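First comes the structure, then the notes that go with it.
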Amino acid sequence: MEKRNYHAHETAVIDKGCTIGTGTRIWHFTHLMTGCKIGENCNLGQNVVVSPEVVLGNNVKVQNNVSIYTGVICEDDVFLGPSMVFTNIVNPRSAVVRKDQYVRTLVGRGATIGANATIVCGNDIGPWAFIGAGAVITREVKPYALMAGNPARQIGWMSHYGHRLIFDEAGLAECPESGRKYRLENDRVIPEEEF
């Protein structure tokens with residue numbers, strides 16, 4: 001019998017052909033479909049579905065009741081909140097088969113997608129972006145952007161630690177938790193190590 005380097009609850013369904021990294025935890029009633037790739041130290045909550053060819057990087061946290069459809073790629077350290085939704089077809093119809101028209105959506109490193117948010121396919125989420133609970137994303141999201149509403153609009157910027165950044169007249173801000181500094185330049189956030 002093959003030794004597993006991850007934990008899966010006895011009710012989880014893991015199809016043959018999945019790649020699952022060391023230290024990953026898969027909880028109750030979760031289904032991983034053939035060909036998906038799950039990184040190291042991920043946590044997949046209860047009632048999660050991961051479709052074929054989905055890629056999750058390392059340390060991705062997927063909360064309960066999330067379906068991740070073919071076409072979605074999540075980089076390292078992404079957080080997917082409870083019951084958030086991805087789509088993968090722009091114009092779905094039950095009577096029309098469009099499996100050859102799945103649209104890719106990339107979620108950048110460190111991004112957070114809040115509970116009950118909806119990501120319309122083809123709209124990439126930049127690294128360290130923060131999508132508020134219930135937001136509906138209908139366009140590309142910049143790195144570090146804070147998005148809210150339906151349709152979502154940008155209402156600010158966020159730090160690596162998930163705190164809202166308040167920029168002074170010189171375009172500088174500091175994360176209240178980490179002390180890391182950021183610069184806002186040409187509508188782009190730059191962390192201090194890149195100044």
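None of the figures in this text is laboratory data; all of them are computed from the coordinates on show. This one's a predicted model, so the numbers in the text were calculated from it and none came from an experiment.
Some points to look at:
- Under the Karplus curve 6.51 cos²θ - 1.76 cosθ + 1.60, θ = phi - 60°, whole-Hz ³J(HN,Hα) for segment 154-161, x wherever Gly or Pro sits: 6, 10, x, 9, 10, 8, 4, 8
- Cross-link reach list, lysines versus LYS37, counting only Cα pairs under 16 Å and skipping chain neighbours closer than eight places: LYS16, LYS61
- Amide H contacts for SER67 (H built 1.01 Å from N in the peptide plane; partners 5 or more residues away or on another chain; cut-off under 5 Å): VAL49, PHE86.
- Taking 0.36 nm per residue of separation and subtracting the Cα-Cα distance, full extension of the segment from ALA170 to GLN154 would add 3.7 nm.
- The length gained by stretching the chain between SER94 and LYS16 to full extension, at 0.36 nm per residue less their Cα-Cα distance, is 25.3 nm.
- In a fully extended conformation the segment linking ASN5 and GLU185 would gain 60.4 nm over its present Cα-Cα distance, using 0.36 nm per residue.
- In plain terms, the bigger the Kirkwood radius, the slower the diffusion; for the chain, with that radius from Cα pairs, at 4 °C and 1.567 mPa s, Stokes-Einstein puts D at 74 µm²/s.
- Note: segment 137-195, Cα convex hull, 87 Å³ per residue.
- Sequence-ordered 3J(HN,Hα) estimates for segment 93-108 from the Karplus curve with 6.51, -1.76 and 1.60 and θ = phi - 60° stand at 9, 4, 8, 10, 7, 10, 4, 8, 10, 4, 9, 6, 10, 9, 9, x Hz, glycine and proline given as x.
- ³J(HN,Hα) computed for each position of segment 18-32 - Karplus, 6.51 cos²θ - 1.76 cosθ + 1.60, integer Hz, glycine/proline x: 8, 10, 10, x, 4, x, 6, 10, 10, 9, 3, 6, 8, 10, 9
- Both numbers refer to the Cα atoms of segment 46-139; Rg and Dmax are 12.4, 38 Å.
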